[in-house]
Every structure is written in C-alpha cells, then in structure tokens.
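A short write-up of the structure that comes next.
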Amino acid sequence: MNNSVSNTGRLLWAGLRALLVLTVLTGVIYPLAVTGVAQALFNDKANGSEVKTDGKVVGSSLIGQQGYSLDYFQPRPANGLGVNSVNTQYKLILSGATNRSGDNADLIKWVKEAKAKVIKDNSVPGYTVKPSDVPADAVTSSGSGLDPDISPQYADIQVHRIAEENGLTVAQVQKLVDDHTDGRTLGFIGEPRVNVLELNIALKELVAKG
C-alpha cells in the first residue's frame, strides 16, 4: 500500500515537473525567442506591415480598405461579405469569399451594378470608359474580400477621374500609378499590381504640394 502511494506520488511529481518545464519552454522562452527574432529581422512584417503617414498608422499594406470618396482611387468591391459598425475604415466583418457560383443571381446583379458604376464614375468629359475596358477585379471581390491591390488596368481607367477631381493633369496621375505599380513576384509569380492605400497616400501628398 505504502509503495503504491509512494510510486503514485513520484509519478505525479515527475508529471508536474515536466508540465512546469514544458510550460516555461514552450509558453515563455520559445515565444519570446520567436518574437525577438521577428522584431530584430522582420520588424515591419511582424508588426502587421503598417502604413504610416504624418507619423500615424493609417492602415496595413496587406488589408484593403473600403469607403474612399471618388477623389481617391477605388479598391476592389467587397459585396456579400458583410459590414460592421465598429471599425468603419474596414467595412468587412469577416474574411472570405462570397461562395456564390458564377450563375448566382445575386452575384450577377452585383457584377452588373459594379460595372455600370465603374463606367459612370470614371467617364469624364473627353474620356469615356468602354465596357470592354473594365477588368474583372473592378467588379468582383477577391477570395478573402480583403485584397489591398488592384490591377494596373483598373488603376488606369481611374486616372482621368482622379485628375479631374483633384485638379491634376492626366500625366501627373498616370505617373503616380506607374510609380506605384509592382511587377510579378520574382518576375513570374502572380500579376502586376497596385496597392490602393499606398497609391492614395501618394496622391494626397501630390495634391497637397499643388
């Protein structure tokens, strides 16, 4: 009986020691080590790829924002993914696809409405957007609904509107787009893209100089 109790006590103490050691190793030392390495070598990415202007964080280069007025470049739409009343800068309440098929009536309606709006908003005196000019990313949300980038084609058809709204020349705005267009990753992965938040910050700075 005594041996049984003694053995049980030793096993419990050994288990408790293992628990304490592993808790310290995996719950304290390892997280601190990973955090330290991340902060030392990848500070920007580890902190959420924050974008700052005038010393203030205005967003993340990884997360698309909604709600820009028409004097700024517009992001991809995010129909069907919900809205929230907590942080209206990021209007989506969740991340994910709409999960609607290509022949879904709601999706077809959203695409048609988005296309008509893109044509109407970006057609200005002397420049008319044709239906064939509107790229897919201008009328559909991304798989996550949080895509921070648009295609150069979508940025290009917004150039004339942006120039007119802000009192800039088309050449000035086009150069802004070209300067903020990133090529394919490693030269062959993905497609050329334009980060909307970073482009709009540059636009705001250009307008302020004028």
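Output the residues belonging to the stretch 104-142 that are within 15 Å of Ala78 (Cβ to Cβ) and surrounded by 14 or more Cβ atoms within 10 Å (Cβ to Cβ). First the steps, then the outcome.
Taking the stretch 104-142 as the starting set, the residues that turn out to be within 15 Å of Ala78 (Cβ to Cβ) are 106-107, 110-111, 113-114, 117-118, 136-142.
Residues satisfying the conditions are Leu107, Trp110, Val111, Ala114, Lys117, Val118, Asp137, Ala138, Val139, Thr140, Ser141, Ser142.
Checking the condition in contact with a helix residue (DSSP H, G or I) (Cβ under 8 Å, 6 or more places away or on another chain), free of Cβ contacts under 8 Å to residues at least 60 places away in the same chain and not charged (D, E, K, R), which residue from Leu199, Leu168, Leu186 passes?
Values: Leu199 fails: free of Cβ contacts under 8 Å to residues at least 60 places away in the same chain; Leu186 fails: in contact with a helix residue (DSSP H, G or I) (Cβ under 8 Å, 6 or more places away or on another chain).
Sole residue among the options that is in contact with a helix residue (DSSP H, G or I) (Cβ under 8 Å, 6 or more places away or on another chain), free of Cβ contacts under 8 Å to residues at least 60 places away in the same chain and not charged (D, E, K, R): Leu168.
Starting from residues that are aliphatic (A, V, I, L, M) and assigned to a helix (DSSP H, G or I), keep the ones in the stretch 115-142 and report whichever is nearest to Ser61 (Cα to Cα). Working first, answer last.
Taking the stretch 115-142 first, the residues aliphatic (A, V, I, L, M) are 116, 118-119, 124, 129, 134, 136, 138-139.
Retained after the next criterion (residues that are assigned to a helix (DSSP H, G or I)): 116, 118-119, 136, 138.
Numbers: Ala116: 28, Val118: 24, Ile119: 27, Ala136: 22, Ala138: 19 Å.
Within the stretch 115-142, the match that is nearest to Ser61 (Cα to Cα) is Ala138.
Matching residues to (1) at pLDDT 80 or above; (2) within 25 Å of Ala208 (Cα to Cα); (3) among the charged types (D, E, K, R):
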| residue | (1), (2), (3) |
| --- | --- |
| Ala33 | yes, no, no |
| Ala38 | yes, no, no |
| Ala46 | no, no, no |
| Glu50 | yes, yes, yes |
| Ser61 | yes, yes, no |
| Asp71 | yes, yes, yes |
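Run Val5 past the list (1) over 30 Å from Asn122 (Cβ atoms); (2) among the β-branched types (Val, Ile, Thr); (3) surrounded by 10 or more Cβ atoms within 10 Å (Cβ to Cβ) and report the number of the one that doesn't hold.
Of the numbered conditions (1) over 30 Å from Asn122 (Cβ atoms); (2) among the β-branched types (Val, Ile, Thr); (3) surrounded by 10 or more Cβ atoms within 10 Å (Cβ to Cβ), the odd one out for Val5 is (3).
If I filter the stretch 30-83 down to residues being in a loop (DSSP other than H, G, I, E, B) and of a type in the set (Asp, Glu), which single residue comes out as surrounded by the fewest Cβ atoms within 10 Å (Cβ to Cβ)?
Step one: list which residues in the stretch 30-83 are in a loop (DSSP other than H, G, I, E, B), which gives 42, 47-49, 54-55, 61-83.
When the remaining residues are screened for being of a type in the set (Asp, Glu), the result is 54, 71.
Details: Asp54: 8, Asp71: 15.
In this case the residue turns out to be Asp54.
Within the stretch 17-29, is even one residue outside any loop (DSSP other than H, G, I, E, B), in the same structural domain as Pro135 (by TED's automatic domain parsing) and modelled with pLDDT of 80 or more? Can you show your working first?
Keep residues of the stretch 17-29 that are outside any loop (DSSP other than H, G, I, E, B), which gives 17-29.
If we keep only those that are in the same structural domain as Pro135 (by TED's automatic domain parsing) too, we end up with none.
Looking for residues that are outside any loop (DSSP other than H, G, I, E, B), in the same structural domain as Pro135 (by TED's automatic domain parsing) and modelled with pLDDT of 80 or more, one finds none in the stretch 17-29, hence no.
Run Ile150 past the list (1) more than 16 Å from Ile201 (Cβ to Cβ); (2) in contact with a strand residue (DSSP E or B) (Cβ under 6 Å, 6 or more places away or on another chain); (3) not acidic (Asp, Glu) and report the number of the one that doesn't hold.
Of everything listed in (1) more than 16 Å from Ile201 (Cβ to Cβ); (2) in contact with a strand residue (DSSP E or B) (Cβ under 6 Å, 6 or more places away or on another chain); (3) not acidic (Asp, Glu), Ile150 misses just condition (1).
The values are calculated or read from the model by the stated rules, or taken from the named source; none is laboratory data. Not measured: the values here are computed from a predicted model. Positions of Cβ are generated from backbone atoms using ideal geometry, with glycine treated the same way; all protein chains shown enter the neighbour counts.
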